[in-house]
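K.L.:
Structure provided below as structure tokens; questions to follow.
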Amino acid sequence: IVNTHPEITQVFSFVGGFGGSGVSSGMMFITLVPPSERKMDQEEFSSVLRRELNAVPGLRAVIQDTSQQGLTAQRGFPIEFSVRGADWGELVPLSQKLMDALVQSGTVVDLDSDYRVGMPELRVTPDRAVCADVGVSVDDVATTINALVGGIRVGKYSSGGRRLDVRVKLMAAQRSRPEDIARLRVRARNGELVPLSSLVVFEEHAALQAITRRDRERAISIYSNVAPGHSQGEVLRLIEELGDDLPVGNRVVLGGSSMAFRESMSSLFFAMGLGILIAYMILGSQFNSFKDPVTIITILPLSVAGAAFALLLAGQSLNIFSMIGLLLLMGIVKKNSIILVDYANAFKEKGFAAREAMEKAGPIRLRPILMTATATFMAALPPALGLGSGAEIRMPMAIAVIGGLLLSTLLSLIVIPAFYVVSDRLVGKKKKAEVPESPVSSGARA
């Protein structure tokens, strides 16, 4: 199936034993041809390959973007969380219930967990009351099963300087099924051979490969990718809602890339707020005014709106890379406002009113504003179009910059002049209200 796709240029695969996953699993590393040589992008190709592989009976395929690996200590999926509790018997059905709810929501794909069931095993539990009645001890039952199934050493054999143990046990065909074990007999104290099936209870169980723990708690970790058309934040909110309905003593803990996403988003919002504050302080010191920095920063919400609208049209989510684009955008769009306000202040110092000063500054500064916006737009256009390798990562950042730049450039020629004139009028009225009226002399009143 994999080799039939012309989009693939290299495949490296191995089967069994990787990361403790057992012999019934394998892994394939796939390298795609450059984006210019294929019709589908990486996300579209992953969807096609996922659908074809999961259509094979008995096969469950999970596709992961290798660029996400190494960002966290876990597997590197965009969605990673663990179900934790004290009772392992409760964790298994609870984790499966959460996975079923996520599948039904349609917000995730490639859902997987680290819970692995090993080979089936036969559990033999002695009935102590029956054993006591017939005169058979539990140790006799264990010794008999161990000797006939596992083997017991009865001697040694030396050959060519090598010493080998001689072990006696049943033939493989005599101990391969539960019915074979049930036909064994145990010698009682009176010398009678008692059927093992009358002394014990046989139960078949799937053996666990491992009982995993996170922060000293028993935990089952669940991983997935975000389905197309949905965002990582949307899936994380759904997981937290499902975790609130768990029984007492069990909880959902986000981890890996999910926690890194939350922490990064919080840090980015803090960086944006801090950047706006520092920009206001610097502009205030440069313009020697509290009013002009506010006029300049007014363009920032408009640029964010343009970036959000562009991401929506392009089908991109608000992720770490688009947030970086917003940070870049804030530093770019302020230049247009600074150019306009600074030149208008120069005309005001010559005696022009605020409106006249802005009417003179606008046409003169239109050309440098358009030149700056055009240069930035042309620089962001190639990654926005998905040109070059790794464009899937740079695309959200470039789209956010272009969308915010276009809208802010158009509106800065309208909003900034209007705000500049209105704020000047408000400050002027306030100054007039603070000037006290000159007292009239008593002689003049007479």
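K.L.:
So which residues in region 319-339 are under 20 Å from GLY284 (Cβ atoms) and touching a helix residue (DSSP H, G or I) at 6+ places or on another chain (Cβ under 7 Å)?
P.N.:
Listed by number, the residues that qualify are MET330, VAL333, LYS334, LYS335, ASN336, SER337, ILE338, ILE339.
K.L.:
When you go through ALA210, ALA206, ALA173 one by one, which is the residue that is assigned to a strand (DSSP E or B) and loosely packed, with under 15 Cβ neighbours inside 10 Å?
P.N.:
The unique qualifying residue is ALA206.
K.L.:
Looking only at region 124-155, filter to residues that are modelled with pLDDT under 85 and assigned to a strand (DSSP E or B); which one of those is nearest to GLU192 (Cα to Cα)?
P.N.:
So, considering only residues that are modelled with pLDDT under 85 and assigned to a strand (DSSP E or B), the one nearest to GLU192 (Cα to Cα) is ILE152.
K.L.:
Does GLU43 satisfy the condition of being modelled with pLDDT of 75 or more, surrounded by 10 or more Cβ atoms within 10 Å (Cβ to Cβ) and in a helix (DSSP H, G or I)?
P.N.:
Considered against the rule, which asks whether it is modelled with pLDDT of 75 or more, surrounded by 10 or more Cβ atoms within 10 Å (Cβ to Cβ) and in a helix (DSSP H, G or I), GLU43 comes out as yes.
K.L.:
So, of the residues in region 250-286 that are part of a helix (DSSP H, G or I), under 21 Å from the mean Cα position of the chain (by Cα) and of a type outside the set (Gly, Ala, Ser), which turns out to be farthest from SER337 (Cα to Cα)?
P.N.:
MET259
K.L.:
Give me the pairs: first residue in region 398-420 and closer than 18 Å to ILE324 by Cα, second residue hydroxyl-bearing (Ser, Thr, Tyr) and assigned to a helix (DSSP H, G or I), beta-carbon distance under 6 Å, and six or more apart or on different chains, which are they?
P.N.:
ALA400/SER322; GLY404/SER303; LEU405/THR376; SER408/SER303
K.L.:
If you take the residues of region 85-101 that are surrounded by fewer than 21 Cβ atoms within 10 Å (Cβ to Cβ) and touching a helix residue (DSSP H, G or I) at 6+ places or on another chain (Cβ under 7 Å), which of them is modelled with the lowest pLDDT?
P.N.:
GLY85
K.L.:
Of everything in region 253-275, what is farther than 30 Å from VAL83 by Cα and at pLDDT 85 or above? Give them in sequence order.
P.N.:
Of everything in region 253-275, just one residue is farther than 30 Å from VAL83 by Cα and at pLDDT 85 or above, namely LEU274.
K.L.:
Can I ask one more? Return only the number of the condition from (1) more than 21 Å from VAL294 (Cβ to Cβ); (2) β-branched (Val, Ile, Thr); (3) surrounded by 18 or more Cβ atoms within 10 Å (Cβ to Cβ) that THR409 does not satisfy.
P.N.:
Result: THR409 passes all but (1).
K.L.:
Go over the candidates GLY249, GLY256 one by one and state the one that is touching a residue at least 60 places away in the same chain (Cβ under 8 Å), loosely packed, with under 14 Cβ neighbours inside 10 Å and out of contact with any helix residue (DSSP H, G or I) (no Cβ under 7 Å at 6 or more places or on another chain).
P.N.:
Checking each option against the conditions leaves just GLY249.
K.L.:
If GLU240 meets every condition in (1) surrounded by 11 or more Cβ atoms within 10 Å (Cβ to Cβ); (2) more than 30 Å from ARG51 (Cβ to Cβ) apart from one, which number is that one?
P.N.:
Only one criterion is unmet by GLU240, namely (2).
K.L.:
For the structure I just gave you, tell me whether THR66 is out of contact with any Cys (no Cβ under 9 Å at 6 or more places or on another chain), more than 30 Å from SER198 (Cα to Cα), surrounded by fewer than 15 Cβ atoms within 10 Å (Cβ to Cβ) and at pLDDT below 85.
P.N.:
yes
K.L.:
Which residues, taken from region 93-123, are over 19 Å from the mean Cα position of the chain (by Cα) and assigned to a strand (DSSP E or B)?
P.N.:
VAL117, GLY118, MET119, PRO120, GLU121, LEU122, ARG123
K.L.:
Go through region 103-118 and give me each residue that's surrounded by fewer than 18 Cβ atoms within 10 Å (Cβ to Cβ), over 28 Å from ALA207 (Cα atoms) and touching a residue at least 12 places away in the same chain (Cβ under 8 Å). First the steps, then the outcome.
P.N.:
Our first condition is that a residue be surrounded by fewer than 18 Cβ atoms within 10 Å (Cβ to Cβ); within region 103-118, this holds for 103-106, 112, 116-118.
Then drop every residue that is not over 28 Å from ALA207 (Cα atoms), which leaves 104-106.
Passing the criteria: SER105, GLY106.
K.L.:
So, ILE339, is that one aliphatic (A, V, I, L, M), touching a residue at least 40 places away in the same chain (Cβ under 8 Å) and in a helix (DSSP H, G or I) or not?
P.N.:
Considered against the rule, which asks whether it is aliphatic (A, V, I, L, M), touching a residue at least 40 places away in the same chain (Cβ under 8 Å) and in a helix (DSSP H, G or I), ILE339 comes out as no.
K.L.:
Here's another thing I want to ask about it. Any idea which of VAL333, VAL304 is in contact (Cβ under 8 Å) with a residue 60 or more places away in the chain, part of a helix (DSSP H, G or I), farther than 15 Å from LEU413 by Cα and assigned by TED's automatic domain parsing to the domain that holds LEU385?
P.N.:
VAL304
The values are calculated or read from the model by the stated rules, or taken from the named source; none is laboratory data. What you are looking at is a predicted structure, and each value in this text was computed from that prediction instead of being measured. Neighbour counts run over all protein chains shown; Cβ positions are idealised from the backbone, glycine included.
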